[in-house]
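Report on the structure given below.
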Amino acid sequence: MAERNSAGLLMMMLEPTPAISMTLPAEVREKLAELELELSEGDITQKGYEKKRGKLLAPYIPQIQGVDPSLQIEQRIQVSSQAAPAGSKQNKNRAANSRDERFRSDLHTEAVQAALAKYKERKMPMPSKRRSVLVQSSVEACTPPDTSSASEDEGSLRRQGRITSSTPYQAHPNVEHWFNRVIQGSSTSSSASSTSSHPGGRPHTNTTTAAAATVLADFMAHTQLDNHSTPPDVTGLAERSVHAERPQMASVRGLPRGYNHTSVMETADGVPVNSRVSSKIQQLLNTLKRPKRPPLREFFLDDFDDLDVQQPDPNQPKPEGTHMSPLNGEALGVVSNWPPSLLASLQRWGAAQPKSPCLTALDNAGKPVYVLTYGKLWSRSQKLAYTLLNKLSSRNEPLLRPGDRVALVFPNNDPVMFMVAFYGCLLAELVPVPIEVPLTRKDAGSQQIGFLLGSCGVTLALTTDACQKGLPKAQTGEVVTFKGWPRLLWFVIDGKHVVKPPKDWHAPIRDASNEIAYIEYKTSKEGSTMGIAVSHSATLAHCHALTQACGYTEGETITNVLDFKRDAGLWHGVLTSVMNRMHVISIPYSLMKVNPLSWIQKVHSYKARVAVVKSRDMHWSLLAQRDQRDISLSSLRMLIVADGANPWSISSCDAFLNVFQSRGLRPEVICPCASSSEAMTVAIRRPPEMGVPPPGKAVLSMSGLSYGVIRVDTEEKLSVLTVQDVGQIMPGALVCVVRLEGTPYLCRTDEVGEICVSSSSTGTAYYGLPGMTKNIFETIPITASGAPISDKPFTRTSLLGFVGPDNLVFVVGKMDGLMVVSGRRHNADDVVATALAVEPMKFVYRGRIAVFSVSVLHDERIVVVAEQRPDASEEDSFQWMSRVLQAIDSIHQVGVYCLALVPANTLPKAPLGGIHISETKQRFLEGALHPCNVLMCPHTCVTNLPKPRQKQPEVGPASMIVGNLVAGKRIAQACGRDVAQLEDNDQARKFLYMQDVLQWRAQATPDHPLFLLLNAKGTVASTASCLQLHKRAERVAVALMERGRLNTGDHVALVYPPGIDLIATFYGCLYAGCVPVTVRPPHPQNLATTLPTVKMIVEVSKSVCILTTQAIMKLLKSKEAAAAVDVKSWPMVLDTDDLPRKKAPQLYKPPTPEMLAYLDFSVSTTGILAGVKMSHAATSALCRSIKLQCELYPSRQIAICLDPYCGLGFALWCLCSVYSGHQSILVPPLELESNVSLWLSAVSQYKVRVTFCSYSVMEMCTKGLGSQTEALRLRNVNLSCVRTCMVVAEERPRIALTQSFSKIFKDLGLSPRAVSTTFGCRVNVAVCLQPNRLGKLAEQGTAGPDPTTVYVDMRALRHDRVRLVERGSPHSLPLMESGKILPGVKVIIANTETKGPLGDSHLGEIWVSSPHNATGYYTVYGEEALHADHFSTKLSFGDTQTVWARTGYLGFLRRTELTDASGERHDALYVVGSLDETLELRGMRYHPIDIETSVIRSHKSIAECAVFTWTNLLVVVVELEGLEQEALDLVALVTNVVLEEHYLIVGVVVVVDPGVIPINSRGEKQRMHLRDGFLADQLDPIYVAYNM
């Protein structure tokens, strides 16, 4: 009973209400049944279904005037639910029959329901989707089901009472079910509406819901909070936060959606965040807080002991039976007049019984279209054979020779032509290769069929005229060449080309030999297609064995529903039938779809003795058998169930018998059989007249089976598998069962293994694959002692099973569906059955579900993909998914890695219905499945991660040094050339102050050009000579003193676009004794985000005045600006557009060089605004180092494409030209947005030898100009002049980008050695610069060596170690040297914890000492107490006197074999990444860029990626460059790649639009801004997946 009702409610949704249905005419009911079937098979869309159904019912439903149709539906539901308890008998039958019989043995469904009841509702965060990705949800999804209806599963109520009676929650299950949805609803999915505001809610339900809410809150408080034994805290969150969070969650949930912004929570690290995202993450953490698997062992063995090897469970069951002995089938009987070959028997019947019917073909209405007699078959086959051998030629050579392979391409509704073609080929001694009709160029698996045809050397395809007309054609009118197919000639066999053979021609009819008769195709688990060659003698022997096993007699009638091209359909319906002159009624698949009862009707009308079907056909006929009273199945002596080896065939057989026993079906005629393409029929249950033992059933423990052991289950009723026998083995066969892996040892009697057959009637080989053939067709099973059991080879059947009592064969699975997860075996079909038993028929179409495993991190992981019904709402399907996960976990004790729902009718189909599993798997792995819902559970499945690393007690700094000395390693330190030796110090003293240098140049070389600014068109926008710059600076100084009345030492913000004004006002400030602060102007189109940064810098730098242009001044005070900041609080703003020409009375002279020259503000990648103080001494020292390193003289020209606001970009733009006197060509990076080639064209036009750019500029050129190098060459862009192109960066060098840049522009003459990198940071803006072989030194060959690249082991880096490996070794990461250390700069590598010096090639923090170090932070906004020791720190051991600045970057020094200019060995500095950015996960240190690189590689549609952590969860944000339906494809791929390459489990995957990940001017990702945006729910993501 429990079962019947669960389908009740659903039935009423699909069917007309009982009151109406009784009055419906029979044919309407019939049509409704057909429609329903089409819908359940996915052959019609939901929309189409509703439309057709509406049409059928329109005359019978009284329209209610002026009522919304959706309310009508609702009333219908109400009516039906009240009518249900009283429901008529007919209604009961109907509900029972609509049950999803095929997949449900009663036991299984009950087991699943009980398993689910065991689970307390564990809240899982529901993924959020953007509106546009959502499928429109139905009314039913939003309205609570009527609480008075008892049509939900009464059994579940009973069970619930039993199981949850200990908890204080005893409400009606309907309320619970509905309420769970509500609780999961409103704040978790961006599309859900708040429950209270729902128009459809009826008043009494609302009160119940409210009551249920309080009950539920109690219930939760009871269930989750009394953790008797607190599980280990996996996430590192304090326990109290969970207690605080539970009740709050319930309260947050009920809020209407607009309420989100006000309800702010604090996270564990005290960050106030928006409740929606955080409550989900909190839920996620809570699901992870109760770990289901034993906690990981807490010690760390060895750094390179990779993955945790799963130890076998000591208590697992082991086989205890005796070793089995091979089993002999009964002898093949000797028949007196048995023909010597199949063709001989065809000839015999063709001559002796020409009028005898051989085959009846039916059309889609079930009417017989054609009856092929034996005489016709014989004559037409002869005609075809003659034509093929004699009438087809190419270049006067016959096209075909005996033994050639020929493709047979016939549709499933034309068995007649197929039979003629098949026997015609046999008569012509050609080898037929029957395949499916390819419908499109991209059919699932069609490419593999092409490979098969190619490997078989097929050149000719036979088909019918109708079929040939339907094939896709090329422009020439010929059939297109399908993807992966060889070139074929198509020959139509029912056309005029087939000619009658002359009287004297006779087809040769030889005795059956070992030559190949035909090739049957089979698709393997991986999707590859193999051709199984079957010899003439095997074909004959198989017919003989089948005839004997099935007791076939001459002239019997047999109904065949199977595909006649292969497998049982071919063996029974084409081969054995001809042997015995039987009459086959062939039922095409297309007829079954229209009328599932057709085969039963034909059995009745033709009084067929035998029917060959699949369990699917029995199931379909159950759905449609209603008003067929006059059918009798009493003529059947044998109902062969071809897929009797499937775990669910038993419930189909049972249900079918229940219904049809009253129609004359005898229980004993149901004969399941087991077969495989390689071994053909393996076992079949004999018909009753043969005096065989009664059929058997086995109820086996699922857990035992997973260890390969047979245990009849007694106590644990939940996880059992009920299987039926598939009868006895075939006559003349020898069968044994061998171990699956390794040497084929015989199994014990209570062990599951692979069934192997030795007989004369199996396939002989995989055509053209000798290696695989040996493994499969020539296995020699051996006994425990190692002796072979027989001298004959055995064929592996790929069936998993055992031999039970009475020598009955039981099959429990197939090799193709076998999934071995951490040492235990699971069968895909069993998992399908469990998933479907969760809520049969409700969410997922039967037969539209695929289960397979993918290999991730050295183990199989289970993936379930199903087509969801179009009317399922988000919440419903999410709930279904979580229940499926729980059911599978409970029954199979295995976690599902990924569960994906796809829209109806989108999975690739196999030729005769069903899902093409390997193609589905392929799409899943390629990210081409396009699911509409995904749930990943890596946390529960992946149990073989390496142990978390325990921090070892640090080795003290002294022992570190001693250790290095003992090991012969030097301490890692390096320095640039000594400045004192390189330059006369008079000049250095003379050039101590930048303003003095400018004045001196204005006098000495007034007309020498210093600056040249280009605009987007590439023309000169403005220039400045030494004198012009000096004059403009003077005017600014006057304005500051007179108009601004500023005092010396006041801070002035310079807000200018990149240009000469910026440089002039900078020097003007120095002339006036003010301290300039350069600030990037706000972006007029994006004030809301850019203006606050300007405001912040102005405030933090305590600027008393802003200098800017008139245009920006208007912008700062505009209405739009007022919306973003408080415009009244700006300091004084002066514009410098038209300044009077006045000479300053006198220019300011700083008293000491230690005075502050300027402030350098920049936002770090971690989102911290930091300003550093640069003194006059540091400024001139910086310019001097750069001058020496790059050999800059007044005669030089350099091109700069950098932002001029901070760091080295500012120094190169504003300071260096004035100091060294060279001319700078300024290219503002913003202009590249409208003209990408601007920078490179300028470099070429001015024949620049030295140029500087940023990574973002390089990326723009690579992406924007990659395909245009030819066009640039035609415009005479030539880069051969470039000696060095330096990328200015504060990060690890981006090798991939620099290499692709070099490669792309090599065509324009760019030397592959020209591109090099630099490194600077906040404490020292220029630590390394790599000028490549320039100037005089280059001629003398004394410049520094080329930058070197090393490969380090990524796993060692996580443990803060450097381990050098070879290029291309696994886990290798290339690192490029960051450039040559500048003159006067000293670098050392120090331990971050102990501050002791480290040895060569050890990873530590880079410390730097140099005259141009900044003197300190002005303020660090956001972290006030930031580290004074950043600028002045000392080593704890060794040289404890030198004052160093800490860069905050991890790196290492390595002495190379190369020598530098002074003849010393060259020390290379490698930057690995910023310490602030690193992620500490599982005790290891990860650099975000490494994870991001892996993620970007995982799918072509991922444009960019950023990762960050939130309370120990790894969050991955990916930008999708593609269609929104691809968004969910990325979830699994991202999770896979991060697991595989980094051993990390991704907690949250966020898919966003391109451009959402914020990037600063240097092209660095602002991950912390992104994190804040995510937690504040501001990203507008396309999809957010919370991995369980």
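Quick one: would you say ASP871 is part of a loop (DSSP other than H, G, I, E, B) and open to solvent by 10 Å² or more (accessible area, probe 1.4 Å)?
yes
Grab the strands (runs of 3 or more DSSP E) fully contained in segment 519-611, keeping just those with 3 or more residues being modelled with pLDDT of 95 or more and more than 21 Å from MET417 (Cα to Cα).
Of the strands (runs of 3 or more DSSP E) lying wholly inside segment 519-611, those with at least 3 residues that are modelled with pLDDT of 95 or more and more than 21 Å from MET417 (Cα to Cα) span 529-535.
Among the residues of segment 1235-1271, write down those that are closer than 23 Å to PRO1331 by Cα and of a type in the set (S, T, N, Q).
SER1241, SER1244, GLN1245, THR1251, SER1254, SER1256, THR1262
How about segment 1341-1455: which strands (runs of 3 or more DSSP E) wholly inside it have at least 1 residues that are among the small types (Gly, Ala, Ser) and at pLDDT 90 or above?
Values: elements: 1349-1353, 1372-1376, 1386-1390, 1404-1409, 1417-1421.
Correct list: 1372-1376, 1386-1390, 1404-1409.
If you check SER1241 against the conditions, is it open to solvent by 10 Å² or more (accessible area, probe 1.4 Å) and either assigned to a helix (DSSP H, G or I) or farther than 19 Å from HIS1176 by Cβ (or both)?
Details: open to solvent by 10 Å² or more (accessible area, probe 1.4 Å): yes; either assigned to a helix (DSSP H, G or I) or farther than 19 Å from HIS1176 by Cβ (or both): yes.
Yes.
Report the residue count in segment 1176-1221 for those that are assigned to a helix (DSSP H, G or I) and either in contact with a Phe, Trp or Tyr (Cβ under 6 Å, 6 or more places away or on another chain) or of a type outside the set (Val, Ile, Thr) (or both).
Step one: list which residues in segment 1176-1221 are assigned to a helix (DSSP H, G or I), which gives 1176-1190, 1207-1220.
Imposing the further condition that a residue be either in contact with a Phe, Trp or Tyr (Cβ under 6 Å, 6 or more places away or on another chain) or of a type outside the set (Val, Ile, Thr) (or both) reduces the set to 1176-1178, 1180-1185, 1187-1190, 1207-1217, 1219-1220.
Of the residues in that region, 26 qualify.
May I ask you to list pairs of residues, at least six apart or on different chains, whose Cβ atoms are under 6 Å apart, with the first in segment 839-862 being of a type in the set (Phe, Trp, Tyr) and the second being modelled with pLDDT under 75?
Taking only residues 6 or more apart or on different chains, the pairs are TYR845/SER40; TYR845/GLY42.
I'm trying to understand the selection: among the residues of segment 426-474, which are in a loop (DSSP other than H, G, I, E, B), open to solvent by 30 Å² or more (accessible area, probe 1.4 Å) and touching a Gly at 6+ places or on another chain (Cβ under 7 Å)?
GLU429, the sole residue that qualifies.
What single numbered condition from (1) over 30 Å from THR1317 (Cβ atoms); (2) open to solvent by 20 Å² or more (accessible area, probe 1.4 Å) fails to hold for HIS1569?
(1)
For segment 1100-1147, enumerate the residues that are over 22 Å from ARG1035 (Cα atoms), in contact with a Ser or Thr (Cβ under 9 Å, 6 or more places away or on another chain), open to solvent by 20 Å² or more (accessible area, probe 1.4 Å) and not hydrophobic (A, V, I, L, M, F, W, C).
Result: LYS1102, single match.
Specify which of the listed residues (TYR423, TYR374) is open to solvent by less than 10 Å² (accessible area, probe 1.4 Å), touching a residue at least 40 places away in the same chain (Cβ under 8 Å), touching a Lys or Arg at 6+ places or on another chain (Cβ under 7 Å) and of a type in the set (Phe, Trp, Tyr). First the steps, then the outcome.
Numbers: TYR423 fails: touching a Lys or Arg at 6+ places or on another chain (Cβ under 7 Å).
Exactly one residue qualifies, and that residue is TYR374.
Name every residue in segment 350-371 that is over 51 Å from the mean Cα position of the chain (by Cα), free of Cβ contacts under 8 Å to residues at least 60 places away in the same chain and assigned to a strand (DSSP E or B), in order of residue number.
Residues of segment 350-371 over 51 Å from the mean Cα position of the chain (by Cα): 350-358, 371.
Filter once more, keeping what is free of Cβ contacts under 8 Å to residues at least 60 places away in the same chain: 350-352, 354-355, 371.
The answer is VAL371, and nothing else.
Within segment 1511-1535, take every residue that is polar (S, T, N, Q) and within 21 Å of PRO125 (Cβ to Cβ) and give me the one that is farthest from the chain's Cα centre (by Cα).
Taking segment 1511-1535 first, the residues polar (S, T, N, Q) are 1511-1512, 1525, 1535.
Subsequent filtering for residues that are within 21 Å of PRO125 (Cβ to Cβ) retains 1511-1512, 1535.
Details: THR1511: 24, ASN1512: 22, THR1535: 7 Å.
The extreme case among them is THR1511.
Are any of the residues in segment 1480-1490 part of a strand (DSSP E or B), touching a Pro at 6+ places or on another chain (Cβ under 8 Å) and either farther than 22 Å from GLN950 by Cα or without any contact (Cβ under 8 Å) to a residue 40 or more places away in the chain (or both)?
no
With segment 940-998 as the region, which helices (runs of 4 or more DSSP H) entirely inside it contain at least 1 residues that are of a type in the set (Gly, Ala, Ser) and modelled with pLDDT of 65 or more? Reasoning before the result, please.
Details: elements: 957-966, 979-982, 985-990.
Here the list reads 957-966, 979-982.
This table checks each residue for (1) of a type in the set (A, V, I, L, M, F, W, C); (2) more than 24 Å from SER381 (Cβ to Cβ).
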residue: LEU426; (1), (2): yes, no
residue: ILE435; (1), (2): yes, no
residue: ILE449; (1), (2): yes, yes
residue: THR463; (1), (2): no, no
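Do you know which residues across segment 301-335 are modelled with pLDDT under 80, among the hydrophobic types (A, V, I, L, M, F, W, C) and over 31 Å from the mean Cα position of the chain (by Cα)?
Passing the criteria: LEU301, VAL335.
Under 6 Å between Cβ atoms, at least 6 apart or on separate chains: pull out the pairs that start in segment 592-610 with a residue that is surrounded by fewer than 21 Cβ atoms within 10 Å (Cβ to Cβ) and end on any residue that is not in a loop (DSSP other than H, G, I, E, B).
From residues that are surrounded by fewer than 21 Cβ atoms within 10 Å (Cβ to Cβ), the pairs are TYR606/THR557; TYR606/ILE585.
When segment 644-664 is examined, which residues are found to be assigned to a loop (DSSP other than H, G, I, E, B) and buried (at least 22 other Cβ atoms within 10 Å of the Cβ)? It would help to see each step written out before you state the result.
Let us first name the residues in segment 644-664 that are assigned to a loop (DSSP other than H, G, I, E, B), namely 644-648, 664.
GLY644, ALA645, ASN646, PRO647, TRP648 - these are the residues of segment 644-664 that are assigned to a loop (DSSP other than H, G, I, E, B) and buried (at least 22 other Cβ atoms within 10 Å of the Cβ).
Restricting to segment 1353-1408, and then to whatever is among the basic types (Lys, Arg) and under 20 Å from THR1440 (Cβ atoms), can you tell me which residue is surrounded by the most Cβ atoms within 10 Å (Cβ to Cβ)? Steps first, please.
Within segment 1353-1408, the subset among the basic types (Lys, Arg) is 1355, 1358, 1361, 1363, 1367, 1380, 1386, 1395.
Still in the running and under 20 Å from THR1440 (Cβ atoms): 1386, 1395.
Values: LYS1386: 15, LYS1395: 19.
Across segment 1353-1408, the extreme among qualifying residues is LYS1395.
Go through the residues of segment 827-834 one by one and say whether even a single one is buried (at least 23 other Cβ atoms within 10 Å of the Cβ), part of a helix (DSSP H, G or I) and of a type in the set (D, E, K, R).
yes
The values are calculated or read from the model by the stated rules, or taken from the named source; none is laboratory data. Just so it is clear, the model here is predicted, and its values are computed rather than measured. When we count neighbours, we look across all protein chains shown, and the Cβ atoms used for this are built from the backbone with ideal geometry, even at glycine. These area figures cover heavy atoms from the full protein model, side chains too; ligands, DNA and RNA do not enter into them. Shrake-Rupley method; radii C 1.70, N 1.55, O 1.52, S 1.80 Å.
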